[in-house]
Amino acid sequence: MTKWSPALWRETTVFNGQFLLFAVIGAPLDIAAILCPALLAWMLRGQASAFRFVLVATLLYAAALALWFGLVKPANDILTAWTPGPIPENFEAVRLHWETGHMAVTAAKALGFISLCFGLLGARHG
């Protein structure tokens, strides 16, 4: 997490505007990542094992979004106030909060994907 210098990290995460695309494209995808497995769980409600795995996947994707709002968004709100110039006093704390928040979101999504795969592998087809 600390391989990049504070100036490089701040420049790439705050000042170039590339994260606008994450909001425009990523937000609908995060909602779809909750709704699609929820629909699949409903469709598999008669297959207990597959249903449980897909339901867990749905809950993990929802948890990932909640983690983003609870951990990443507060750090993003601080980042939006940063301006070019000296590195802010709270830089390391904000970076740690932002990075660990993203790791928690990624872990929830990865576990959700694994659970979804188990559910799909266990579903009876036909």
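Residue count for region 63-115 satisfying the condition of being buried (at least 17 other Cβ atoms within 10 Å of the Cβ) and of a type in the set (Ser, Thr, Tyr): 1. Residues in region 8-18 that are touching a residue at least 12 places away in the same chain (Cβ under 8 Å) and either touching a helix residue (DSSP H, G or I) at 6+ places or on another chain (Cβ under 9 Å) or of a type in the set (A, V, I, L, M) (or both): Trp9, Arg10, Thr13, Val14. Can you say whether Ala81 is of a type in the set (A, V, I, L, M) and under 18 Å from Phe15 (Cα atoms), as far as the supplied structure shows? Judged against the criteria, Ala81 is a match. Taking residues in region 67-86 that are in contact (Cβ under 8 Å) with a residue 12 or more places away in the chain, and partners anywhere that are surrounded by fewer than 10 Cβ atoms within 10 Å (Cβ to Cβ) and in a loop (DSSP other than H, G, I, E, B), not one pair has Cβ atoms closer than 7 Å while being at least 6 places apart or on different chains. Scanning region 28-58 for residues that are of a type in the set (Val, Ile, Thr) and under 14 Å from Gly122 (Cβ atoms), we see that the one that is surrounded by the fewest Cβ atoms within 10 Å (Cβ to Cβ) is Val56.
Residue by residue, here is whether (1) modelled with pLDDT under 95; (2) under 11 Å from the mean Cα position of the chain (by Cα); (3) within 30 Å of Pro6 (Cβ to Cβ) holds:
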residue: Leu21; (1), (2), (3): yes, no, yes
residue: Pro37; (1), (2), (3): no, no, no
residue: Ala57; (1), (2), (3): no, no, no
residue: Ala63; (1), (2), (3): no, yes, no
residue: Leu67; (1), (2), (3): no, yes, yes
residue: Trp82; (1), (2), (3): yes, no, yes
residue: Ala107; (1), (2), (3): no, yes, yes
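Kindly check whether there is at least one residue in region 87-95 that is more than 22 Å from Lys3 (Cα to Cα) and of a type outside the set (Ser, Thr, Tyr). There is no residue in region 87-95 that is more than 22 Å from Lys3 (Cα to Cα) and of a type outside the set (Ser, Thr, Tyr). Determine if region 7-27 includes at least one residue that is more than 17 Å from His102 (Cβ to Cβ), out of contact with any Cys (no Cβ under 6 Å at 6 or more places or on another chain) and crowded, with 17+ Cβ neighbours inside 10 Å. The answer is no, given that none of the residues of region 7-27 is more than 17 Å from His102 (Cβ to Cβ), out of contact with any Cys (no Cβ under 6 Å at 6 or more places or on another chain) and crowded, with 17+ Cβ neighbours inside 10 Å. Taking the numbered list (1) touching a helix residue (DSSP H, G or I) at 6+ places or on another chain (Cβ under 9 Å); (2) within 28 Å of Leu116 (Cβ to Cβ) in turn, Pro74 passes all entries but (2).
The values are calculated or read from the model by the stated rules, or taken from the named source; none is laboratory data. Small disclaimer: the values here were computed from a predicted structure and weren't measured. Backbone-built Cβ (ideal geometry, glycine too); neighbour counts: all protein chains shown.
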